[in-house]
Amino acid sequence: MTTEPKNNPPLGRVIVITSGKGGVGKTTSAAAISAGLAKQGFRTVVIDFDVGLRNLDMIMGCERRVVFDFINVIQGDAKLKQALIKDKRLDTLSILPTSQTRDKDALTKEGVEQILKELKAEFDYIVCDSPAGIERGAQMAMYFADEAVVVTNPEVSSVRDSDRVLGLLSSQTKRAETSGAEPIKAQVLLTRYDQARVDIGEMMTVDDVLEILAVPLLGVIPESKAILRASNVGTPVVLDGPSAAAQAYEDAVSRLTGSDVEMRIVGERRPGLFQRLFGRAS
Amino acid sequence: MNLFSFVRKQRPPQSAQTAKDRLQILLAHERSGGGAGKADYLPMLQRDIVAAIRKYVPIEEKDVDVRMERGEQMSSLEINIELPQAASPKAG
């Protein structure tokens, strides 16, 4: 585990974790990915864009330490430094909580841009946890992104909403509106994947989903008991002891940072045989 | 101690209890104070603290660091004020 902050200038990459549909694992993934990046030594901040329904703080386990929030900073009531909560487990990780009391209209494009600009000067990765839906909060979370992780369950409504969000990423964002800019690098993170149900034809396969969405795959997170346990105790799953889900998130994080990690689909209980059979069949 | 921990392991997994405890503490705080008003007094408090200290020492808003830890029995508010190096009371 390397947690030593790097001395080189910050990368300043903005990654949005989005999905359209609610309950697919955006916040869980934002927490796991940001903790995974920080664990690799990258200076990382994770921002909650779900104004009015703050939850990232609970998943990160810092809910009792929130003083100022994202909106306080936008409105000039607090300095960014005062609103950032330093993670107690990883010194490379910070959390910027959202407001529990305002509404989404408090998010202004200029305010968000200013905050991201300040964060880019200090952090390697700025992970934006989008709210569900495609309204203001979600639009603001994705607008300034360099990369997008589209969290998708192998289930019809989730895949449909992901497709819609992919459309928005390629049209309603700063990179889309700036001529000559490289488009947002969007990748799918398939979560709640149940290999046993895929094997008996009850769940769409990874390839089925990718064929429909036609974007690269960042990773496959198996349905895992470790997720609820981690959320119960307020620890990102990658910091909550070894599990199939933690392993899958760590792999996804390595791919995000440019490492070429073989795509393995880890089952919660019996990897190995099934995995190999599947690997050949797909 | 070992025996005790063995007995404890027989009970349902502890993480569910942790989840419940965390929620109870958090929601108690959010419900009292009426959620809305409560969260908003901190920026004002900070402004007042800065104003009070500025009467004696030249400090910036950014020199004030407010931290909070909400607990079951009590919450603590920790305020750190960074005084400028040459901080000496005005005209003593």
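The values are calculated or read from the model by the stated rules, or taken from the named source; none is laboratory data. The shown structure was predicted, so the numbers you read here are calculated from the model rather than taken from an experiment. Cβ coordinates were reconstructed from backbone atoms using ideal geometry, including for glycine residues, and neighbour counts include every protein chain displayed. Side chains are part of the model used for accessible areas, which takes the heavy atoms of the whole protein and leaves out ligands, DNA and RNA. Shrake-Rupley method; radii C 1.70, N 1.55, O 1.52, S 1.80 Å.
Looking at A:PHE144, A:PHE123, which one is in contact with a helix residue (DSSP H, G or I) (Cβ under 8 Å, 6 or more places away or on another chain), open to solvent by 10 Å² or more (accessible area, probe 1.4 Å) and of a type in the set (Phe, Trp, Tyr)?
A:PHE144
From the set of residues in the stretch A:155-187 that are more than 22 Å from A:ARG255 (Cα to Cα) and in a loop (DSSP other than H, G, I, E, B), which is least open to solvent (accessible area, probe 1.4 Å)?
Here the residue is A:THR173.
Just wondering, is there one or more residues in the stretch A:188-207 that are closer than 28 Å to A:MET58 by Cα, open to solvent by 60 Å² or more (accessible area, probe 1.4 Å) and in contact with a helix residue (DSSP H, G or I) (Cβ under 8 Å, 6 or more places away or on another chain)?
No, every residue in the stretch A:188-207 fails to be closer than 28 Å to A:MET58 by Cα, open to solvent by 60 Å² or more (accessible area, probe 1.4 Å) and in contact with a helix residue (DSSP H, G or I) (Cβ under 8 Å, 6 or more places away or on another chain).
Filter the stretch B:63-85 down to residues that are open to solvent by 70 Å² or more (accessible area, probe 1.4 Å), in a loop (DSSP other than H, G, I, E, B) and in contact (Cβ under 8 Å) with a residue 12 or more places away in the chain and give me whichever is farthest from the other protein chains (Cβ to nearest Cβ).
Here the answer is B:LEU83.
Among residues belonging to the stretch A:1-41 that are touching a Phe, Trp or Tyr at 6+ places or on another chain (Cβ under 6 Å) and open to solvent by 40 Å² or more (accessible area, probe 1.4 Å), point out the one that is modelled with the highest pLDDT.
Top of the filtered list is A:ARG13.
How many of the residues making up the stretch A:96-118 are crowded, with 24+ Cβ neighbours inside 10 Å and either in contact (Cβ under 8 Å) with a residue 60 or more places away in the chain or more than 21 Å from the chain's Cα centre (by Cα) (or both)?
Number of matching residues: 0.
Quick test for you: out of A:VAL215, A:VAL261, A:VAL220, pick the one residue that is away from chain B (no Cβ under 14 Å), surrounded by fewer than 16 Cβ atoms within 10 Å (Cβ to Cβ) and either at positive phi or of a type in the set (Val, Ile, Thr) (or both).
Sole residue among the options that is away from chain B (no Cβ under 14 Å), surrounded by fewer than 16 Cβ atoms within 10 Å (Cβ to Cβ) and either at positive phi or of a type in the set (Val, Ile, Thr) (or both): A:VAL261.
Conditions first: (1) within 12 Å of another protein chain (Cβ to nearest Cβ); (2) at negative phi; (3) not β-branched (Val, Ile, Thr). A:ASP91 passes all but one, so which condition is the exception?
Only one criterion in (1) within 12 Å of another protein chain (Cβ to nearest Cβ); (2) at negative phi; (3) not β-branched (Val, Ile, Thr) is unmet by A:ASP91, namely (1).
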